[in-house]
Structures are given as C-alpha cells and as structure tokens.
Amino acid sequence: MGGIPLNMKSVSRLNVVHNVSIIVCFYFTWIGVGMDTFVHRHQLSLAMKNFRVFLGMLMITWTHFSVR
C-alpha cells in the first residue's frame, strides 16, 4: 500500500506553492546550518550546537527522501 495516494483529487495551487516553499526553505536552512558548522569548527561549543541541529536536519532529510 506504500506509495498509493489516498486522495486522488488534485491539490490546489496554494497547497503546491506551500509545499514547494517549505521544501526550499528547509534545504536553504540545512545548507546554512552546515556552513555555520564549518565556519565555527574551531570554536567547539558553537560547532557542537550547530552540529546537533545539522544531524537532526539530516535525519529529517533522510526521512523526507524515504517517504517521498
């Protein structure tokens, strides 16, 4: 049953715009956190804070690709 759409009706354009904007914002944030972790790699406390967020977002990305 995985991958079979439950709602066979087409979605509204507003929903499509919302989904695309959420995905674009998420990936730009993911890239920004990765770059911030790289920039602060010599300051261990800042790097570890950013790295925790980066790992969490990496798991969300993996889930997004797995479910999609």
Go through region 23-57 and give me each residue that's exposed (fewer than 13 other Cβ atoms within 10 Å of the Cβ) and hydroxyl-bearing (S, T, Y). T29, S45
In region 18-41, what residues are closer than 18 Å to M59 by Cβ, at pLDDT 85 or above and over 9 Å from the mean Cα position of the chain (by Cα)? I31, G32
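The values are calculated or read from the model by the stated rules, or taken from the named source; none is laboratory data. Since this is a predicted model, take the numbers as computed values, not measurements. Here Cβ is always computed from backbone atoms with ideal geometry, including for glycine, and neighbour counts include all displayed protein chains.
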